[in-house]
Amino acid sequence: MIHTRYKMLFSWPVFILLVSIVPAYAAEQSTPKNIILLIGDGMGIAQITAGKIVKGQLNLEEFKHLGLLTTHSQSALITDSAAAGTALATGYKTNNKAISVSADGKPLKSIIEYAKEVNKATGLVVSSSITHATPAVFAAHIDSRKKHSIIAEQISRSGIDVLFGGGRGYFIPHTKPGSKREDDKNLLAELAEFTTVIQTEEEFNRLGQVDSVVGLFADKHLPGADKRNPGLPGMTEKAIEILSKNKNGFFLMVEGSQIDWAGHDNNQDDIITEVIDFDNTIGVALNFAKKNPQTLLVVTADHETGGFAIHNGSIADKVVSESGFTWTHHTAEMVPVFAYGPGASDFTGIGDNTRIGKLLIKYLQAARQ
Ligand code: MG
Ligand code: ZN
């Protein structure tokens, strides 16, 4: 009798406790089906702070798992976007200027290649040329970020499902206006044989049901956040809509490319405009993740730019009135990483930027089993 009573008293509460805890734990620990990596190029903590002062509430504030990353490259304390991007995309350090190749020139496999192996859809959305260092590390392997024409050829052959950004000049032959190539190759025409190619805001707005698309909306970089159309939030929303049709899930990288350039220019107002645009883009990803809880969002930067600091302003008036820069290049400051969704707790604490590539690739390899 005592035995039975103990069972009644203890086994039911324990059972109820377990059924309530285990699913929450499992959801937190499970392998994400979809991964969206959002990179703010040159976005340090001061840049985010300036954006928050002016915008008020940031979408980033919904992320509860935060960490800090060291950003040095293999060749230098101060990284460039190629080496830092390679660390994020492959999990390995390399020299500055290298695009997903090791210091001795061997290709380093990127997240996109792992994602394709498990039949996930893939995409890159940027506000720079699509051949620029940050997107290039996900789609190409080459010793120098400056070889845009070759990077464009590798991107064309990559089989990435959605490409949105600038850089059309690297995809059209030298005889065409706006071309940045020195040969006759017409990569856009080659791409058009097996995917939808669009080049204007109008074509973007009337893009129907497609499984893949290449949208290059400028010969080189897209305009600044207050002038570009389509904008980064709109391109991200469209990319997610297309990629999420894949039943195996997707990997998408989105870059706020121009936060970095505003830092190089020591232009506080452009930093704020670009950070707010990037946060609006994060909001688009967050909306999808809330409706699709098997989605992991990771937001980080490749490095800080400008040694930016805020000196005066007002929360009430939403204004940064005085700020300063220590120089016009990148700094070695650690950058923040924010994670949301399954696996988010893996990103907390202080680590190195290679941790991002290693963790994301680990999730994709787990999806193979
Ligand atoms: Mg970049
Ligand atoms: Zn830079």
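The values are calculated or read from the model by the stated rules, or taken from the named source; none is laboratory data. As the structure is a prediction and not an experimental result, all values here were calculated from the model. Using ideal geometry, Cβ is built from the backbone for each residue, glycine included, and neighbour counts are taken over all protein chains shown. To get the accessible areas, we keep the full protein, side chains included, count just its heavy atoms, and leave off ligands, DNA and RNA. Shrake-Rupley method; radii C 1.70, N 1.55, O 1.52, S 1.80 Å.
For the range 213-250, give me the residue count where each residue is small (Gly, Ala, Ser), out of contact with any Gly (no Cβ under 9 Å at 6 or more places or on another chain) and more than 15 Å from Thr200 (Cβ to Cβ).
Of the residues in the range 213-250, 3 are small (Gly, Ala, Ser), out of contact with any Gly (no Cβ under 9 Å at 6 or more places or on another chain) and more than 15 Å from Thr200 (Cβ to Cβ).
In the range 151-195, which residues are without any contact (Cβ under 8 Å) to a residue 40 or more places away in the chain, assigned to a helix (DSSP H, G or I) and touching a strand residue (DSSP E or B) at 6+ places or on another chain (Cβ under 6 Å)?
Scanning the range 151-195 gives Leu188, Leu191.
Please go through the range 47-75 and pick out each residue that is assigned to a helix (DSSP H, G or I) and within 16 Å of ligand 1 (Cβ to nearest atom).
Step one: list which residues in the range 47-75 are assigned to a helix (DSSP H, G or I), which gives 47-55, 59-62.
Gln47 - this is the single residue of the range 47-75 that is assigned to a helix (DSSP H, G or I) and within 16 Å of ligand 1 (Cβ to nearest atom).
When you scan the range 258-286, how many residues do you find that are under 10 Å from Thr305 (Cβ atoms) and not charged (D, E, K, R)?
The initial filter retains those residues of the range 258-286 that are under 10 Å from Thr305 (Cβ atoms), namely 259-266, 271.
Add one more test, that the residue is not charged (D, E, K, R), and what stays is 259, 261-264, 266, 271.
Total satisfying the criteria: 7.
If you check every pair at least six apart or on different chains, which have Cβ atoms under 7 Å apart with a residue in the range 290-311 that is free of Cβ contacts under 8 Å to residues at least 24 places away in the same chain first and a residue that is more than 15 Å from ligand 1 (Cβ to nearest atom) and not aromatic (Phe, Trp, Tyr) second?
So the pair list comes out as His311/Glu322; His311/Ser323; His311/Gly324.
I'd like to know if the range 199-210 contains one or more residues that are open to solvent by 60 Å² or more (accessible area, probe 1.4 Å) and in contact with a helix residue (DSSP H, G or I) (Cβ under 6 Å, 6 or more places away or on another chain).
No; the residues of the range 199-210 include none that is open to solvent by 60 Å² or more (accessible area, probe 1.4 Å) and in contact with a helix residue (DSSP H, G or I) (Cβ under 6 Å, 6 or more places away or on another chain).
Does Gly44 qualify as being buried (at least 22 other Cβ atoms within 10 Å of the Cβ), modelled with pLDDT of 75 or more and of a type outside the set (Val, Ile, Thr)?
yes
Within the range 139-148, identify whether any single residue is closer than 25 Å to Ala367 by Cα and charged (D, E, K, R), and answer yes or no.
Looking through the range 139-148, none of the residues is closer than 25 Å to Ala367 by Cα and charged (D, E, K, R).
Anything in the range 250-276 that is surrounded by fewer than 23 Cβ atoms within 10 Å (Cβ to Cβ), more than 16 Å from ligand 2 (Cβ to nearest atom) and not polar (S, T, N, Q)? List them, or say none.
Asp269, Ile276
Quick one: count up the residues across the range 149-177 that are buried (at least 24 other Cβ atoms within 10 Å of the Cβ) and in contact with a Ser or Thr (Cβ under 6 Å, 6 or more places away or on another chain).
7
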